[in-house]
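The values are calculated or read from the model by the stated rules, or taken from the named source; none is laboratory data. It should be emphasised that the depicted structure is a prediction, and the values quoted were computed from it without experimental measurement. Cβ placement follows ideal geometry from the backbone for every residue including glycine, while neighbour counts extend to all protein chains displayed. Heavy atoms of the whole protein, side chains included, go into the accessibility calculation; ligands, DNA and RNA do not. Shrake-Rupley method; radii C 1.70, N 1.55, O 1.52, S 1.80 Å.
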Amino acid sequence: MASLDVEAPAMANNLNQYEEACINGGDGVRIQNDVPILDGGEAQIDDFLGPNTDYNEEEEERKYYRRKRLIVIKNVVAASVAGMLTYGVYLGLLQMQLILHYDETYREVKYGSVGLQDIDNKMLMGINVTPIVALLYTPVLIRFFGTKWMIFLATGIYALFVSTNYWERYYTLVPSAVAIGVTIVPLWTSLGNYITRMAQKYYEYTNYKELHVQEQKKPPRGAYHRYIIIFHTVFYMLFYLSFILAEMPTAIFLRKFIFPANHTLAEVKICGGDSAGILKGFNKTVLRTLPPSRDLIVVESVLMAVAFISMLLVLVLCGAAYRPTEEIDLRSIGWGNIFQLPFKHMRDYRLRHLFPFFIYSGFEVLFVCTGFILCYGVCAIGLENLPYIIIAYGLSASVFSCLSLSMLKLSRPVSLVSGAAIHTILIIVLFFWSPSPRNLNQSPFIYLFAVVWGIGSALNKTSLSIILVMFYEDKERQDFVFTIYHWWQAMAIFVVYLWASLPMRAKLAIMLAMVLVSTLSYLWMEHKISRNVRPRIPKIPKPSHKVRGYRYLEDENSDESGSEQSDEASEEASQEEEEDEEEEDDDEGSQEDVRGGGRVGQRGGKEREPRRRRRRNQHDHSYEQAVEEE
C-alpha cells in the first residue's frame, strides 16, 4: 500500500506534464485511458527511430559475405585475364618481331645497316640473363610496392616493351628487353601470391562464423587447401590461353606473307633427333612480299591497346591482396630481413627437394617453344604452320589444367608425378624420332605431340604451385617461396638459352635426366614427410613500427598522456619476443644436435635458464610497480 501511495503522485506528475505539453502546442501527444500516446508526425518519427522488426541480422550478414566472395572471384578472374593478356601480347609481338627480323630482304630494305639481328641477340640476352639477380630484389620490390601494385607496374613495363617496337633501334629495344627481364620474376611471384591470398580470403568469407576467422587467428592446418587447388587451377586454365592469343598476329596477319615449306625448307636436310642447333639450312628469305608499314603499325597498335586493357584490369578490377595494416606489418619486419629470408627458406628440405622440379619446369616450357616446335614441327611441316602447333599446345594445356582438381580427392603426388611421367615418355620417343623435312603427312603426329606435351605442362605448373602453397600457408612467407620457385625457373630458362647450339639428343638427354631426378627427389621428400621429419622453417621477425605519427590501437588509449611510456613498453616487449624467437631457434638446433648424439642442447638449456629467470623477475617487478601506481 505504501508503494502505491508513493507511485500515485509520480503518475499524476507525468500526466500533468503531458497535459502541459498539449496546452503549449504539443499536438503529437494525446491521453487515452490515462496513457500518453503519440500520433501524427511524432508517431512516424518514433517508428523511424525505433527498432526495425523486418531487419534480419543473420540474413544481412549472409548477403554481405556473399558479396565479398563474389568480389574475390572477380579479383581472381581479373588478375588471371590480365596475366593472360600481358603474356600473350609479349609472346605474340616477340615472335612476329623475330620472324620479320630474320628475313634478309626485310632487314636490308627497311633498316639497311641498323643491324637488327645483332639487336635481337642482345635483346634476347637481356630478357634471359637479367633474371639471374632477381632473387636479390624481388621480395624487396613486392613488399615496397605491394602485391597488386607490383602486378600493375610489371604489366606497365610489358606495355612499354610493346611501345618501343614503333621505333626499332638499339636504344629502344635493348633497354626495354632488360626491363622485361627485371620484372619477369616479380610479376610471376606477385601473381602466385595474389591468387593464393584470394583463396585464403574466400575461405575466410565462407567460414566467417568460425571463431578463428572472427579473431583473425591462424586456421587449422589444411583449411585453405580446397580453395587453393581450385583458384590456382582457374588461374592456369586462363593463363595458358595466352599461347593462343600470342599466335593471333602471326596466324591472322603475317602468315599470308610467309613462303610455303618447299621454299623455306629447301636446304634443310635433317630434322628432329638427328639435328643440331636450331633449323640449320633454313632459308634466309621467309617472306614472299614485305608487309606494309601501315599494316604493321595497326597490328602493333592493337597489341598496345590490349596491353593497356590488361593494365586497366589490374588497376580497376583487382582489389588489394592485404589489409592496410597487414601491408604495414609485412614491411615493418625490416628490409634486411626481407632481403635475407628467401635465402633462409632454402634451408627447408622440402624446398631443396623441389629445386629439380623448379629447374625442369623452366626447361620444358622453353624447350617446347623452341626445341620441339622449331626442330620437329616447323622443320617437318613449314613455318606457315607454326601458329597452329602453338595453338594446339596452349589449348591443350588450358583445358587439361582442370586435371589438377584431382588433388581434391587423390593424394598430393599423383598429379605432379603423372605430368612428369607423360613428359618422360615423350622425351624418350623424341630421342629416337627424326621426321623428314617438307613432309606434310606427319602433321597429325606433330599436333598430337603438342597436345600431349600440353597435358604434361599443365599438370606440372599447376601442381607445383599448389604443392608449394600447401607447404607454406602463412601469408608472411608466400612471396619468399614463390620468389625462389620462379627464380630457379628463370635460371633454367637461361640455361636453355645457352644450349641452343647443342645437338638435339644432348638436349633431350639433359631433359630426361632432369625429369627423372626431379621425380625421385620429390618422392623422397614425400617419404621424409611421411616419417614426420621436421622441416627447418625460419622465424619471421615481429613487426616493429617506428614510423612517426602512426600507432597501432592497443587495449589502452594510445592518445592519452603517457603514450610515450606505452611505446617504450611495447618496444621492450617486441625485443623480448625477438629474444624468445631466437631461443626457439636455439631450441630447434639443440633438438637436432641431441638427435645427432650431442649434448649441446642440454648445455644451451642450462645457460638460458638464468636469462628466463631474469626476464620473469622483470615482468613481476613491472607488474608490482603498476599496481602501486594504481
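A 1.4 Å probe run over segment 324-468, with the rest of the protein chains in place, finds 33 Å² accessible per residue. Available extension along the chain between Ile529 and Lys74 is 160.2 nm, counting 0.36 nm per residue and deducting the alpha carbon span. Measuring between alpha carbons in the structure, the pairs from Lys256/Lys284; Lys344/Lys542; Lys74/Lys475; Lys475/Lys539; Lys74/Lys409; Lys63/Lys409 lying more than 19 angstrom apart are Lys74/Lys475; Lys74/Lys409; Lys63/Lys409.
Return one whole number: the accessible area per residue of segment 136-179 in Å², for a 1.4 Å probe.
Value returned for segment 136-179: 39 Å² of accessible area per residue.
Using a probe radius of 1.4 angstrom, the carbon and sulfur fraction of the accessible surface of segment 61-173 is 65%. A simple spin-label model places the labels of Lys209 and Glu108 7.8 nm from each other, with each point 7 Å out along Cα-to-Cβ. Looking at segment 222-318, the accessible area is 44 square angstrom per residue; that uses a 1.4 Å probe and ignores ligands, DNA and RNA.
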